[in-house]
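Chemist: Mind looking over this structure? Questions follow.
Derivation of every value follows stated rules applied to the coordinates shown; laboratory data play no part. Being a predicted model, the structure only gives us computed values, none of them experimental. FYI the Cβ positions are ideal-geometry reconstructions off the backbone, even for glycines, and counts take in every protein chain you see.
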């Protein structure tokens, strides 16, 4: 079964605004990853944050991880129309080696 | 960065036929490859884990005789959907892992079974 739940399920914002997506998971993890998927395409790896990290930046992306609350957030600053996509968090399956389980995803739409 | 390709990108077939999907890691050797399926507007569901030179490990509820996986080399894994039926229509995505925790995904294959 899927480990992660994401909210919101859908988010529509204007270009230039910030977009925040949240992910909650159920079991302890050693890392959490965020991926982007454009419609009908594969997934693009965005960022990996380890359990001993609280915040990580990559360009316009900022990811936080709160292991006590079993949650993570992805912030996209100064959004662009090209950021329109679905965003998924993924965590390792407990006892599953290198398998990942994906959250339900957030569909982001950035309008001009 | 690491590139993973899939072929074909889309395929339409008649019910009862078999379809083979290839997943290749183009610029790295993948110790492990994974196969996922994704229904419209839903998340990815892991189907199986494929390790080079050994049998694939299937997730609960995935029929291994229906979804045949072969990982013949460190850069190629294939998924064959045998005797496909309309309910097998889906988006199939593979990913490949080298040594780090990051998985690199292929562009996906859209399968439509008539």
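Chemist: More than 20 Å apart: what percent of Cα pairs in chain B qualify?
Modeler: 35
Chemist: Here is a follow-up. Compare B:23, B:94, B:13 in a GNM of chain B, Cα atoms joined below 10 Å, and give the one with the largest fluctuation.
Modeler: Residue with maximal mean-square fluctuation among B:23, B:94, B:13: B:13.
Chemist: Over chain B, what is the relative contact order in whole percent, taking alpha-carbon pairs under 8 Å and six or more residues apart?
Modeler: Value for chain B: 37 percent.
Chemist: Compute the convex hull volume of the Cα atoms of chain A, divide it by the residue count, and report the result per residue in Å³ as a whole number.
Modeler: In chain A, the Cα convex hull volume per residue is 94 Å³.
Chemist: Something else about it: Normalised by the residues of the stretch B:26-87, what does the relative contact order come to in percent, with Cα pairs under 8 Å and at least six apart?
Modeler: Relative CO of the stretch B:26-87 lands at 26 percent.
Chemist: Run the numbers for residue A:5 and residue A:73: contour at 0.36 nm per residue of separation, minus the present Cα-Cα distance, in nm.
Modeler: Contour length minus the Cα-Cα distance gives 23.3 nm.
Chemist: Ok, one more. Using 7 Å Cα-to-Cβ label points, what is the residue B:101/residue A:55 separation (nm, one decimal)?
Modeler: Going by the 7 Å Cα→Cβ label model, 2.0 nm.
Chemist: Please compute one quarter of the surface area of the Cα convex hull for the stretch B:17-83 and express it in square nanometres.
Modeler: 5.0
Chemist: Here is a follow-up. In vacuo Debye scattering of the stretch B:51-97, one point per C-alpha: log10 I(q)/I(0) at q = 0.16, 0.24, 0.26 Å⁻¹?
Modeler: The Cα Debye sum returns log10 ratios of -0.48, -1.02, -1.15.
Chemist: Give me P(r) over the protein assembly as shown, computed from all C-alpha to C-alpha distances, binned every 5 Å, as integer percentages.
Modeler: Using 5 Å bins, I get a P(r) of 1, 7, 15, 18, 19, 16, 12, 7, 3, 1, 0 for the protein assembly as shown.
Chemist: Could you list A:12, A:39 in order of exposure, starting from the residue whose Cβ has the fewest other Cβ atoms within 10 Å?
Modeler: A:39, A:12
Chemist: If contacts are Cα pairs under 8 angstrom and at least 6 residues apart, what is the relative contact order of chain A in percent?
Modeler: Relative contact order here is 38 percent.
Chemist: Using a 10 Å cut-off around each Cβ, can you sort A:21, B:33, B:45 from fewest to most neighbouring Cβ atoms?
Modeler: Least to most surrounded, the residues fall as B:45, A:21, B:33.
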